[in-house]
Amino acid sequence: MVSRVIPVDPFDLIIFGATGDLARRKILPALYRRFCDGQMPGESRVIGAARTEMDTASWRDAVAEAITEFLPAKQCDADSIAAFRDRLHYVPVDALGDDGWADLKTLVRPGVIQAYYFSVAPSLFGALAERLQAFEVCCDTARFVVEKPFGRDLETARDLNRTLATYFHEDQIYRIDHYLGKETVQNLMAIRFGNTLFEPLWNTQYIDHVQITVAETVGVGGRGSYYDRAGAMRDMVQNHLMQLLCLTAMEPPSRFEPAAVRDEKLKVIRALDPVDPGDIVRGQYQAGETPGYIEDVENPDSRTESYIALKLHVANWRWNGTPFYLRTGKRLKARRSEIVVHFKETPHSIFDADAGSRANVLSIRLQPDEGIDLRVTIKEPGPGGMRLIDVPLDMSFAEALGPEAADAPDAYERLIMDVIRGNQTLFMRGDEVEAAWAWTDPIIAGWTDRRDTPLPYETGSSGPEDALMLMHRDGRRWREIAPS
């Protein structure tokens, strides 16, 4: 299999917050990989901007160190790194003052695609936008990438959208959620809308329920201060899991283009019923061999959840009566992200009761081993009569599609190149962000008003016991969180 690299036009990508953690870990290694694959034409450049005082040579050294630290050794070719360094430039810039903006203007070229990556706190978006306009740095067709969080509630999300809209048009703004850049997430749309096998069955008549899981083995780490103000609901459900839900539940768009896809996602969010408090389970991981949540965030009175499970309903014809179960948490027993579609059992079994009864299950694995698994029912081999068993039709992308699939672009690589191409399909629109918060805010307000306390769960477990009951009372069970 030969990887098909789609060429792009020459560009200047300006990264604000270029010395920060996200730039070092994700953005710059992603750009280096795209450079190695031939997706940075000779005239293209990466311009770093931050308040840190350093020159271009020092920043080039720092970027080279980041590449070797965060990419596998086999991808870190010395000649390629040296060639990539030549594309890098750096300007110290004060986001809240006037220093550095004139120097930045002299570097940015008006005749190429301009993309500005705001890898900074949302509180700086307005200041950066204002100075880009005031110093006439950006052209009228420039593109602007903003990282989450897109507010912490509906009011702040609206304020942020108003701020951005003051300076830019909506079609210039790229709200990035790296989950949408994952290969398997995009394959979810290909599976649904590219195969007649699934789309006719993708409704409440044939699907019993859907599970969406994002499980992490790590704790809050160095993000304790931020995380304790956010929690799993704001940090994961309102954006990442919401996007997975939308792609799973949305109607077929009229065509695969940004406006059509995002219109259908918005309809899903607006169709979500309010969530009953009894359909919510919140938890906090406890101290064991590693510190507990309270110790990690250094707040003994914290009522913030590191785990949440919810039962949702999409109020439309396609999904009436089919529940969606979402869960995410930290310090769980395995790192696993997947969408699992449980089909209903056959309406009538022709086999004896002893043969057993089975239902088909389609699982779409996002990480760590991207792939698709469809469990089907067959006869158990042997002379013991007609006994039924489940077997997987398993496709690991790495095994089925060869080494190119295993080395496919990661989410940031794909999304950054989509920005350069001007393709907004995999980016969130302002009204979509606001609709997600409009649904989320009453849920958070409810447990705040009730002063609910998160339930304890052991590090390395599957979460609080009550989360199991959320499924068991419906006669269902969670798919086990197990290593691949």
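No value in this document is a laboratory result; all are computed from the given coordinates. Source: prediction; values computed, not measured. Cβ placement follows ideal geometry from the backbone for every residue including glycine, while neighbour counts extend to all protein chains displayed.
Before moving on, here are some points about what is shown:
- Report summary: the helix-based calculation at 222 nm, which adds -39500 (n - 2.57) for every DSSP H run with n ≥ 4 and divides by the residues of the chain, gives -9500 deg cm²/dmol.
- Taking all Cα pairs closer than 8 Å and separated by 6 or more residues, the relative contact order of the range 11-147 comes to 31 percent.
- Contact order, relative form, for the range 67-210: 17 percent (alpha carbon pairs under 8 Å, 6 or more residues apart, mean separation divided by residue count).
- Relative exposure of Thr248, Thr106, judged by other C-beta atoms within 10 Å (fewest first): Thr106, Thr248
- When the square roots of the Cα gyration tensor eigenvalues are ordered a ≥ b ≥ c, the ratio a/c for the chain is 1.5 or more and a/b exceeds b/c, which makes its shape prolate.
- Annotation: for a label point projected 7 angstrom from Cα along Cα→Cβ of Ser58, residues of the range 90-123 with backbone N closer than 18 Å are 90-95, 99-101, 103-104.
- Arg421 versus Asp103: modelled label distance in nm, points set 7 Å from Cα along the beta carbon direction: 3.6 nm
- Length gained on full extension, Thr217 to Arg473, computed as 0.36 nm times the residue gap minus the Cα-Cα distance: 89.4 nm.
- Distant-in-sequence amide H partners of Arg143 (H built 1.01 Å from N, under 5 Å): Gln114, Ala115, Tyr116
- Helix 154-167 vs. the chain, principal-axis angle (Cα, 0 to 90°, nearest 10): 40 degrees
- Sorting the segments 113-119, 316-322, 339-345 by their mean number of nearby beta carbons within 10 angstrom, highest to lowest, gives 113-119, 339-345, 316-322.
- Antiparallel DSSP beta bridges within the chain, percent to nearest 5: 55 percent
- Note: relative contact order over the chain, using C-alpha pairs below 8 Å and six or more positions apart, is 18 percent.
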